[in-house]
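The values are calculated or read from the model by the stated rules, or taken from the named source; none is laboratory data. Quick caveat, the model's predicted, so the values are computed rather than measured. Note that each Cβ is placed from the backbone with ideal geometry, even for glycine, and that neighbours are counted across all protein chains shown.
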Amino acid sequence: MGKKGAPPTLTPKQEEPARVLTLIEVDPAKVDPAVLDAIRKKNSAALTSMFDPLCELSEKDSSNTADTVWYLVTNGNHATGNLNLLMDLVPVCDRWVRPLMGRGLPMQVCARGSVNCNGIKVNDVWYVPGVTANMVSIAHLTDQELTVSIGDGICSIKRPDGTELGKGRRKGHLYELDFINTIRYKNCLPD
């Protein structure tokens, strides 16, 4: 407890910025075109750097490593806001998302690609500038006939034959994946 009359201080957990962990698609016809144009303009530098090898982003993110944190999410798609994690980029035209709660401005899905981390390749990962967490979708995993089990602070991803492909652990209200061993099945193939 602080001194009498002193302003309250925030704990490190309270200071942590909110993460967008579930995205839902937005119909662009229902959003003010001026807002969408402003977002497109803001994202133009990232888009240029994706498709012009001579153009570099002004700020490089150094998190393109095996220790990049990925979270298991219940809705939406695999997604990241870190362009440096993606390869095999394909532009996406006029696709928009927003946080599940529907608050805030829409975010543009600029591209989709794959993530390759120590030989594990995850396909169809959306690049969404402004997303502050890397997300792996339970729905997409189960579409690949994988089983996702959650309990006792642990999550597990298994093939239909019961072989464990990966696991994660609960941190706060989120499940953080051990990404290196997570996905080696169907359209997520080793190089």
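Of the residues ASP67, ASP52, ASP27, ASP61, the single one that is of a type in the set (D, E, K, R), under 29 Å from ASP143 (Cα atoms) and modelled with pLDDT under 75 is ASP67. Out of the residues in the stretch 74-90 that are out of contact with any helix residue (DSSP H, G or I) (no Cβ under 7 Å at 6 or more places or on another chain) and either loosely packed, with under 13 Cβ neighbours inside 10 Å or of a type in the set (Val, Ile, Thr) (or both), state the one that is modelled with the lowest pLDDT. Restricting to residues being out of contact with any helix residue (DSSP H, G or I) (no Cβ under 7 Å at 6 or more places or on another chain) and either loosely packed, with under 13 Cβ neighbours inside 10 Å or of a type in the set (Val, Ile, Thr) (or both), the top hit is MET87.
Can you name the number of the only condition in (1) surrounded by fewer than 17 Cβ atoms within 10 Å (Cβ to Cβ); (2) part of a loop (DSSP other than H, G, I, E, B); (3) in contact with a helix residue (DSSP H, G or I) (Cβ under 7 Å, 6 or more places away or on another chain) that GLY130 fails? Single failed check for GLY130: (3).
Looking across the stretch 151-160, just one residue is part of a loop (DSSP other than H, G, I, E, B) and surrounded by 14 or more Cβ atoms within 10 Å (Cβ to Cβ), and that is ARG159.
Here's the yes/no breakdown for (1) under 22 Å from THR68 (Cα atoms); (2) modelled with pLDDT under 90; (3) part of a loop (DSSP other than H, G, I, E, B):
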position: CYS93; (1), (2), (3): no, yes, no
position: ARG98; (1), (2), (3): no, yes, no
position: ARG103; (1), (2), (3): no, yes, yes
position: THR142; (1), (2), (3): no, yes, no
position: SER149; (1), (2), (3): no, no, no
position: GLY162; (1), (2), (3): no, yes, yes
position: ARG170; (1), (2), (3): yes, no, no
